[in-house]
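Please read the structure below before turning to the comments.
The values are calculated or read from the model by the stated rules, or taken from the named source; none is laboratory data. All figures in this text were calculated on a predicted structure; none of them were measured in a lab. Quick reminder, even Gly has a Cβ in these numbers, built from the backbone with ideal geometry, and neighbours come from all protein chains shown. Surface areas here come from the heavy atoms of the whole protein model, side chains and all, with no ligands, DNA or RNA. Shrake-Rupley method; radii C 1.70, N 1.55, O 1.52, S 1.80 Å.
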Amino acid sequence: MNMRIDIDPEQALHARFTPPAEDAAAEPPSADGPARPSRLARAVKGGAPGDLRRLPRYLALFAALLAMLWGPVIAYVTFSPKSYTSSLSLILPGSGANASVNLDAIGQASSSASSAYSSSSLSPTVTYKELIGGDRVRGAAAELRGTEFAEAPEPRVKLIDQTGLIRIEVKGGSPEAAKAWGEATLEAFLAQLDELRRDEVAARERGAQQAIEEYRRSVAGTRARISELKAETGLVSSEQYAALVAEADAVDRRARDAAAALEESQAVLSGLQAALGASPAEAAAVMRLHADPEFQMLAAETAERAADLAVARGAFGPNHPMRVAARDAHAGAQTRMHARATEASGLDLATLERLASFAPVGARAELMARLVAASADHAGLSAEHDVLARRAATLRAQVMELVPAASELEDLGRDYKVAEAVFASALARTDTSKADVYASYPLVQVLAPPSLPDAPSSPRIKLAVAGGAAATLLLLVALGMAWTRRPLIDRLLHRAEPAR
């Protein structure tokens with residue numbers, strides 16, 4: 001009797017190298033015989049930790065993964081070109097600047113630049129970082145170096161917190177090239193800052209010029225209206241109108257004073273006329289008559305003839321020749337005296353006979369002199385009063401006529417001063433704003449110039465080796481966990497069975 005037993009070579013090989021206890025634990029028998037694990041379950045769970053048949057596979061996998069890890073590291077260290085980094089530092093001052101200009105009797109202009117860090121929403125360091133790292137500075141640096149834009153390295157900008165420091169790093173193929181690119185980047189950055197400041201000043205000036213032109217037209221229009229008003233009314237200034245009003249008031253006061261003096265003079269004159277019973281003209285005629293030498297001589301002769309006649313009357317009869325001769329002589333002298341009196345005084349004979357007793361002798365002569373003087377003063381005061389009254393009336397009429405023009409001229413003068421002050425202040429602000437070129441782009445100073453590197457910044461051999469070593473260690477840990485995964489999985493599965 002022949003019996004044929006088919007034996008699987010893999011099962012036999014597995015039975016040969018697997019200890020009986022582990023096989024019993026790993027493959028529990030069933031009613032139909034021992035069960036064969038599937039390839040999927042074996043791949044997932046792995047073998048026993050003591051199964052050294054898996055070692056070649058793990059060694060091959062470790063070698064392949066190790067080559068995949070260290071190949072790029074060795075290639076990076078061996079074939080990566082060397083580059084050098086030049087660093088420089090910039091600093092922004094934190095204080096602002098201000099300027100003030102006072103224009104005497106015109107206005108005031110002030111220009112103030114606050115601190116660059118006064119606003120929490122704006123940071124000049126961030127602005128400068130974007131400008132340095134932008135294509136504008138990079139292209140300008142390439143032009144300074146005489147190369148293409150693509151060949152210019154991109155600067156690396158770092159801001160130091162809570163400070164105004166800006167650190168810039170620029171790479172190059174050699175230490176000299178890195179330093180040259182750093183200097184070109186710094187020069188291009190400063191040049192771009194100056195250009196931006198000039199553009200800002202030009203833009204402000206264009207806006208200011210429009211406002212200044214408006215102010216200039218306002219000043220010119222007000223001045224033209226003032227000139228036109230002066231030509232129409234003859235009123236030059238508000239001061240002239242004030243002087244005219246003051247003059248009118250002064251003349252009016254003088255006219256009232258003259259009227260009062262005239263009334264007083266009239267009272268004195270009336271009193272003297274009543275006391276003497278003669279008018280000032282008659283008193284002056286009498287005084288003029290008695291001051292005439294010829295009349296005085298004729299009066300003396302008449303008095304002598306009167307004396308002779310009185311003597312003859314006492315000594316002779318009415319028809320005595322001596323008495324008749326004395327009477328004729330007296331009558332002839334009296335006739336000549338009357339004729340001279342009429343001629344010298346300008347009065348008629350009846351008035352002269354009425355005033356015959358007004359001989360300028362003693363107190364009567366003084367009263368007659370006062371009457372004549374009072375008459376003269378009265379006439380002068382009357383003329384002065386008339387002149388002052390007419391002058392006061394003329395000035396009052398002129399003042400009333402110029403009231404609207406004076407009011408308008410004062411308003412125009414005030415408007416002109418305001419417009420001129422605004423215009424002058426705008427001009428001054430324009431001039432002072434030109435000096436304040438750091439308003440939007442604060443002043444930046446070079447704290448550390450571009451350095452000359454003494455060692456390459458890449459490739460970083462130590463970092464690459466450290467990374468490769470760390471990856472190798474992690475690979476070993478991963479393979480170790482894969483080698484011992486079967487007991488861990490079985491333990492987890494056994495713990496999970498009671499929960500079912």
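Observations on the structure shown:
- LYS171 meets the stated requirement of being open to solvent by 20 Å² or more (accessible area, probe 1.4 Å), touching a helix residue (DSSP H, G or I) at 6+ places or on another chain (Cβ under 7 Å) and in contact (Cβ under 8 Å) with a residue 60 or more places away in the chain.
- Taking residues in the range 45-69 that are surrounded by 15 or more Cβ atoms within 10 Å (Cβ to Cβ), and partners anywhere that are part of a helix (DSSP H, G or I) and modelled with pLDDT under 85, the pairs with Cβ atoms closer than 6 Å and at least 6 places apart or on different chains are LYS45/ARG486; LYS45/ILE489; GLY46/ARG485; GLY46/ARG486; GLY47/ARG54; ALA48/GLU22; PHE62/LEU479.
- The condition of being open to solvent by less than 40 Å² (accessible area, probe 1.4 Å) and in a helix (DSSP H, G or I) holds for only one of MET322, MET337, that being MET337.
- Checking ARG198, ARG216, ARG206, ARG225 one by one, the residue that is among the basic types (Lys, Arg) and at pLDDT 85 or above is ARG198 and no other.
- Residues in the range 182-197 that are within 16 Å of LEU88 (Cα to Cα) and open to solvent by 20 Å² or more (accessible area, probe 1.4 Å): 4 in all.
- Residue match in the range 198-209 (condition: touching a residue at least 40 places away in the same chain (Cβ under 8 Å), open to solvent by less than 80 Å² (accessible area, probe 1.4 Å) and within 30 Å of ASP415 (Cα to Cα)): yes
- For the range 301-337, a residue qualifies if it is among the basic types (Lys, Arg) and modelled with pLDDT under 75, but none of them does.
- Some residue of the range 425-446 being touching a residue at least 60 places away in the same chain (Cβ under 8 Å), open to solvent by 30 Å² or more (accessible area, probe 1.4 Å), more than 38 Å from the chain's Cα centre (by Cα) and on the phi < 0 side of the Ramachandran plot: no
- Failed item in (1) surrounded by fewer than 18 Cβ atoms within 10 Å (Cβ to Cβ); (2) touching a residue at least 12 places away in the same chain (Cβ under 8 Å); (3) more than 30 Å from PRO56 (Cα to Cα), with LYS462 passing the rest: (2)
- For the range 215-258, the set of residues classified as open to solvent by 70 Å² or more (accessible area, probe 1.4 Å) and among the polar types (S, T, N, Q) consists of GLN240 only.
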